[in-house]
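Novice: Take a look at the following structure, please.
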Amino acid sequence: MSKVVKAKYTTEAVCGFTHRTAMEEAARCLLCIDAPCSKGCPAGTDPGKFIRSIRFRNVKGAAETIRENNILGGSCARICPYDRLCEEFCSRCGIDKPIKIGKLQRYAIEQEKLHKMKTLVAPAKKKNAKVACVGAGPASLACASELAKEGYRVTIFEKEEKPGGVLTYGITPSRLPQSVVDHDIAQVRRLGVKFIMNTEVGKDVNLDEMGFDAVFIGAGLWSAKKPDIKGTDLKGVYTAVDFLKKARTKKNDFKPGNVVVVVGGGDVALDCAVTAKLLGAQDVKVVYRRTLEESPATMDAWHYAMSLGIGVTTNMAPGEIQGAKKVEYAVFTGRDKKSEMKIACDTVVFAIGQKPEDMKKITAAKLNEKGGIAANSKGKTNMAKVFAAGDIVNGGKSAVEAVRDGKEAAYSIMKYFEKKGVK
Amino acid sequence: MAVKKDLSIEYLGVKCENPFFLSSSPVGSDYDMVSKCFEEGWGGVFYKTIGFWIPDECSPRFDQNNKEGLPWIGFKNMEMISDKPTEYNFEQIRKLKRKYPDKVIVASIMGENEKEWRDLATLAEQAEADLIEGNFSCPQMTTCAMGSDVGTNPELTEKYSKAVTEGSKLPFIAKMTPNITNMEIPARAAIAGGAKGISAINTIKSITNIDYENMTGMPVVDGKSSISGYSGAAARPIALRFVAQLLQDMELRGVPISGIGGIETWRDALDYLVLGCRNVQVTTAIMQYGYRIVEDMISGVSHWMDERGYDKLDDFIGIALPNLVPADQIRRTFKILPSFDLSRCIGCGRCYISCYDGAHQAILWDEKKRRPSLDEKKCVGCHLCINVCPVQGVIGAGEVKWLPDKLKKFEDKRNKIAMKHNYE
C-alpha cells in the first residue's frame with residue numbers, strides 16, 4: 001500500500017523556511033560571480049543578489065531586491081516553474097541539487113510582510129498622464145506598478161470582484177494562498193494605483209470616452225477551450241476556468257463529484273485534479289494526449305498530484321463524453337490509433353487551454369491569429385497609444401513571464417510619453 | 001571485526017585506558033553523570049572544580065556563535081565552579097573511584113588562599129582521587145581572589161601550587177588560562193611550586209553576540225551581560241598554539257601536558273596527541289552532542305593507528321612538534337602552484353573573485369565558458385583558491401617551483417612530500 005498525502009483544500013502544500021533553515025539553504029548557495037540564476041529569471045527578480053543578502057543576514061535587503069524587481073514576488077515564489085528557470089541555471093546542480101530559490105524568495109517575502117516593510121513608494125509629484133490597464137492579472141499589475149513608481153496615474157479595470165486574475169481565480173490555494181496574492185496586490189495599491197472592480201471594459205465602460213492618454217491590455221485568456229466532440233454539454237462537464245473559479249469562490253461548498261477525469265497536461269490540468277482531490281473526490285485521473293516529457297506542467301507538479309493519489313494516463317485523447325443528461329462515461333482513443341479507453345465517471349474537466357474573449361469589444365488594435373492582441377515583445381500594438389502584454393499576447397505562458405512583459409510594456413508607455421513631452 | 005587498538009597511556013604515573021577525559025565543567029559534576037560517561041567509554045574525568053566558596057549562578061548562562069546557520073562554532077558560558085557542597089563533591093569522587101577503580105578521577109580544586117588550597121588538596125587525596133588539578137584559570141569568577149586572575153599572576157600561581165603539594169602527595173596539574181600573552185611564564189611558576197603537569201587551555205574571555213533589544217552582550221541576564229569564557233571548535237586553533245609553545249619550552253621539557261580546546265572528533269584529539277599531549281579533555285562537544293562522541297574518538301584513532309601501523313600511543317605522541325618551526329625557518333624558495341581539474345569545475349567563479357579581491361589577480365576568468373585559468377607568472381602559490389573552491393577535487397596541489405635561494409639560507413635538501421593534505 002502506498003502512503004498518499006492527505007491535505008486540505010486551503011492548506012498550503014509546502015511549508016516555508018524558518019530563519020535557521022533559510023540560512024542553511026542560503027549557505028548552500030555558491031555565490032557565483034555571474035549568478036546564472038539571476039539570468040534565468042524572466043522578471044529580473046535577481047536571486048543571486050537576494051540570496052547573498054539572506055546569507056549575509058540582511059533579510060530586509062533581500063525582500064527589497066525582490067519587491068523592487070518583481071511586484072508579484074510573493075506569488076511568483078509559489079508558482080514559478082523554477083525547474084526550467086532560475087533553478088535550472090543554478091551552478092549547484094553541478095554538485096548535487098539546485099538551491100531552493102523559490103522557497104528562499106518566499107521566506108524573504110514572508111519577512112517583508114512580518115516586518116510590515118514599505119519598500120515601494122510612488123513619487124509625491126505625479127506626472128501629467130493617465131493610463132488605463134484592462135484586467136487585474138499579472139501583466140497589468142506589473143505594468144501598472146512600473147508606471148506608478150514613475151509617477152504616472154494608473155487605473156486598473158477588472159470585470160471580476162477581486163484583483164489578481166489567474167492568481168486569484170485560476171490556481172489551487174494549496175499552491176498559492178489568497179493571502180499571498182492579496183499581499184502582493186497591497187503593494188500595487190500602495191503605489192496609488194486605482195482599482196475599479198466588477199467593471200467590464202467594452203460593456204460597462206468605454207475607455208475612449210474616459211480621457212486616458214494610453215491603454216494597456218492585459219486581459220488574459222478567460223474563454224476556455226472545449227474539444228469538438230460529442231457530449232461536452234452534458235451536466236458534469238466543466239472547463240478548467242469554471243472548475244477552478246467555482247472551487248476558489250465556493251471553497252468547501254463546491255462538490256466536484258466522486259470520480260473526476262481531468263483532460264490535459266499543463267499546470268492548470270494538475271491544479272484541477274488537485275482541487276478535485278482536495279475537495280473530496282474519491283478517484284481523480286488525469287488523462288493527457290501526449291507523454292509526460294512533452295507536457296507543459298513541471299515535474300514537481302506531477303509529483304505533487306501523484307503524491308495525493310491522483311492517477312495519470314498518457315497518449316490518450318478524448319473521443320466522446322457519454323451519458324443521459326449527465327456524464328456517465330468518458331471515452332478516449334489512443335495516439336497510436338489502436339488503443340481505446342472508457343472510464344465510468346461523473347465529472348469531466350477539460351483543461352486543454354484557454355483562448356481570448358472577444359477583444360474587439362475592448363480595442364480597435366490589430367488582433368493576432370488566435371484572437372489575442374498582436375503586440376511585439378515591448379508591448380507595442382499597431383496603435384500608438386494602445387499597449388498589450390501577458391497571456392492575451394503570448395497565448396498563455398507563466399505568471400513570471402507576464403510580469404516581465406508587463407514591465408516591458410510599461411517602459412514602452414513611458415518612452416511614448418517622454419516623446420510626447422509629458423512631465 | 002571492528003578495529004580496536006590499545007589506546008592506554010601512562011599519565012603522571014597513572015594508567016589510563018585511553019587519553020580521552022572530561023574536562024572540569026558541568027559535564028562531570030556528579031556521580032550519575034560521571035558514571036554514565038565511564039560506561040560510554042571515557043578514560044577519566046576532571047571532576048567539576050570543588051571549592052569552599054559556593055557560587056551563585058545566573059540564568060541564562062550560555063550563548064553560542066554561528067556562521068551560515070551552523071551553530072556552536074564557538075560556545076560561551078558564565079558558569080563558575082561547582083555549586084554543590086564541598087563534602088558532597090568529595091563523597092561523589094570516593095563513590096565513583098570505588099565503583100570504577102580502573103577509571104581515572106582527577107579532583108579539580110580552587111581555593112581563595114593558601115590554607116584553602118592546602119585543605120582542598122588534602123580532602124582530594126582522602127577522597128581517593130588519582131590526581132589533583134588546580135583551576136588557576138576560570139575567567140568568569142565573581143571574586144578576583146580566584147580564577148584566571150591567579151593564572152596570570154606567576155607569584156600567586158607558584159604560591160598556590162606549593163600549598164597544594166604541601167596538602168597532598170598526589171601529582172598536581174595546574175590548569176592555565178589563555179588570557180595571557182606567554183602561558184609559559186605561569187606554567188613555569190606552577191612547576192617551580194611543585195606542579196607535575198599542565199592543562200591548557202581554559203576558556204577565552206569573550207563576547208559572542210550583542211543583543212540589540214537590550215543593548216548588551218549575550219546571554220542577557222535581566223538586561224545585563226558579562227565577558228566570560230569562550231570554547232568549542234573555534235577555540236581549538238588557539239589552544240593548539242598555546243599547547244605547542246608549552247611543549248617547545250625548554251624549561252618545561254618533560255612536563256606532561258593535557259590538551260584542551262575544541263575537541264569534537266578523533267582528528268581534533270589526534271592534533272593534540274601528535275603535538276605531544278599525553279591526555280586530552282573535552283567539554284563543549286559533550287554539551288552539544290553527549291558523552292557518546294567518545295565512541296568515534298576511540299574508533300577513529302584506532303583506525304588511523306591501524307592505517308599507519310602504530311600499536312600504541314607512545315609511538316606517535318609528539319611526532320609533529322619538531323616540524324613546527326619559527327616563521328624565519330620556513331623555506332621561502334618553495335612554491336607550489338594550484339592545479340585545476342576543469343572537468344569537475346562548475347563555473348561559480350569563487351576562485352577568481354577571491355584571487356582578485358584577496359590575493360594576486362593570478363586567475364583569469366573566461367566569462368563565456370565560465371572557467372578559470374591560471375596566470376603562472378602572477379601566481380604566488382598562496383592557495384587561497386584551493387581554500388574557497390566549493391567543489392571537492394577541482395583545485396589541488398600542482399607543480400612545485402623552486403625559486404633561486406639568493407640568500408643561501410637553506411641547505412639544498414628538498415622534502416619529498418610536496419603537499420599531501422587537501423584541505424577536505
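Novice: Who wins for biggest fluctuation among B:GLY262, B:GLY347, B:GLY43 in a Gaussian network model of chain B, springs between alpha carbons below 10 Å?
Specialist: Result for chain B, Cα springs under 10 Å: B:GLY347 fluctuates most.
Novice: Quote the relative contact order of chain A in percent (integer), defining contacts as alpha-carbon pairs under 8 Å separated by 6+ residues.
Specialist: 17 percent
Novice: Still on this structure, I have one more. So in the stretch A:215-362, what percent of DSSP beta bridges are antiparallel if you round to the nearest 5?
Specialist: Values: 13 of 30 bridges.
That works out to approximately 45 percent antiparallel.
Novice: Provide the per-residue ³J(HN,Hα) series for the stretch A:226-231, in order, calculated from phi with Karplus coefficients 6.51, -1.76, 1.60 and θ = phi - 60°, each as a whole number of Hz, with x at glycine and proline positions.
Specialist: Going residue by residue, I get 10, x, 8, 9, 6, x Hz, with x marking Gly and Pro.
Novice: Show the residues, 5+ positions off or on another chain, whose built amide H is closer than 5 Å to the amide H of B:SER339.
Specialist: Those qualifying (amide H under 5 Å, at least 5 residues apart or on another chain) are B:GLY396, B:ALA397, B:GLY398.
Novice: I need the calculated FRET efficiency for the pair B:ASP102 and B:THR142, taking r as the beta carbon distance and R₀ as 30 Å, to the nearest 0.05.
Specialist: 0.20
Novice: Mind ranking A:118-130, A:102-114 by how tightly packed they are, going by the mean number of other C-beta atoms within 10 angstrom, highest first?
Specialist: A:102-114, A:118-130
Novice: Cα centroid distance between the stretch A:104-175 and the stretch A:319-385, in Å?
Specialist: With the stretch A:104-175 and the stretch A:319-385 each reduced to a Cα centre, they are spaced 28 Å.
Novice: Listed highest first by mean packing, meaning other Cβ atoms within 10 Å per residue, what order do A:248-255, A:377-384 come in?
Specialist: Those peptides, ordered most packed to least, come out A:377-384, A:248-255.
Novice: Where is the GNM fluctuation largest for chain B (alpha-carbon springs, 10 angstrom cutoff): B:ALA397, B:ALA124, B:ALA233?
Specialist: Most flexible of the set in this elastic network: B:ALA397.
Novice: Let me check against my output: what whole-number percent is the relative contact order of the stretch B:9-323, with C-alpha pairs under 8 Å and at least 6 apart? Can you show the working numbers first?
Specialist: On the way: 716 pairs, mean separation 54.8, N = 315.
Relative contact order comes out at 17 percent.
Novice: Can you give the % of DSSP beta bridges in the protein assembly as shown that are antiparallel, to the nearest 5?
Specialist: Here the share of antiparallel DSSP bridges comes out near 40 percent.
Novice: How far is the Cα center of the stretch B:1-78 from the Cα center of the stretch A:13-28, in Å?
Specialist: A separation of 33 Å, based on Cα centres.
Novice: A further question follows. Quick one: Karplus J couplings for the stretch A:329-344, per residue in order, coefficients 6.51, -1.76, 1.60, θ = phi - 60°, nearest Hz, x for Gly and Pro?
Specialist: 9, 10, 10, 10, 10, x, 5, 7, 6, 10, 6, 9, 8, 10, 10, 6
Novice: Something else: Could you tell me the extents of chain B's C-alpha atoms along the three principal axes, largest first, rounded to whole Å?
Specialist: Principal axes ranked by extent give 74, 55, 50 Å for the Cα atoms.
Novice: Among B:ILE201, B:ILE73, B:ILE346, which one shows the biggest mean-square fluctuation in a GNM of chain B, springs joining Cα atoms closer than 10 Å?
Specialist: B:ILE346
Novice: When Rg is the radius of gyration of the Cα atoms in the stretch A:19-114 and Rh is its Kirkwood radius, what does Rg/Rh come to?
Specialist: Numbers: Rg = 11.7 Å, Rh = 12.7 Å.
Computed over Cα atoms, the ratio is 0.92.
Novice: Shifting gears a bit: What is the antiparallel percent of DSSP beta bridges lying wholly in the stretch B:128-236, to the nearest 5?
Specialist: 45 percent
Novice: Over the whole of B:345-356, what's the average partner chain Cβ count within 10 Å per residue? Rounded to a whole number, please.
Specialist: That works out to 4 on average.
Novice: Within 10 Å of each Cβ in A:33-39, how many Cβ atoms from other chains are there, averaged over the peptide? Write down the numbers at each step before the final one.
Specialist: Working: counts 12, 6, 2, 3, 0, 0, 0.
The shielding value for this peptide is 3.
Novice: Quick check on the protein assembly as shown: helices-only [θ] at 222 nm, where DSSP H runs of length 4 and up contribute -39,500 (n - 2.57) each and the sum goes over total residues. Nearest 500, please.
Specialist: -9000 deg cm²/dmol
Novice: Given q = 0.09, 0.10 Å⁻¹, what are the Debye log10 I(q)/I(0) values for the protein assembly as shown, with equal point scatterers placed on the Cα positions and solvent ignored?
Specialist: Evaluating at q = 0.09, 0.10 Å⁻¹ gives log10 I(q)/I(0) of -0.98, -1.07.
Novice: Taking H as built 1.01 Å from N, whose amide H comes closer than 5 Å to the amide H of B:TRP72, not counting residues under 5 places away?
Specialist: B:ASN65
Novice: For the stretch B:312-326, what does the Karplus curve 6.51 cos²θ - 1.76 cosθ + 1.60, with θ = phi - 60°, yield as ³J(HN,Hα) per residue in whole Hz, taken in order and with x for Gly and Pro?
Specialist: 9, 4, 4, 5, 10, 4, x, 5, 8, 4, x, 7, 8, 10, x
Novice: For B:PHE334, what residues show an amide H to amide H distance below 5 Å, using hydrogens built from the backbone and excluding near sequence neighbours?
Specialist: B:LEU403
Novice: How long are the semi-axes of the equivalent ellipsoid of chain A, defined as square roots of 5 times the Cα gyration tensor eigenvalues? Whole Å, largest first.
Specialist: Whole-Å semi-axes of the equivalent ellipsoid: 36, 29, 18.
Novice: Another question, if that's okay. Show me the ranking of peptides B:326-332, B:101-107, B:75-81 by mean Cβ neighbours inside 10 Å, starting with the highest.
Specialist: Top of the packing list down: B:75-81, B:101-107, B:326-332.
None of the figures in this text is laboratory data; all of them are computed from the coordinates on show. Bear in mind the structure is a predicted one, so any value in this text is a computation, not a measurement. Glycine also receives a Cβ, built like all others from the backbone with ideal geometry; neighbour counts cover every protein chain displayed.
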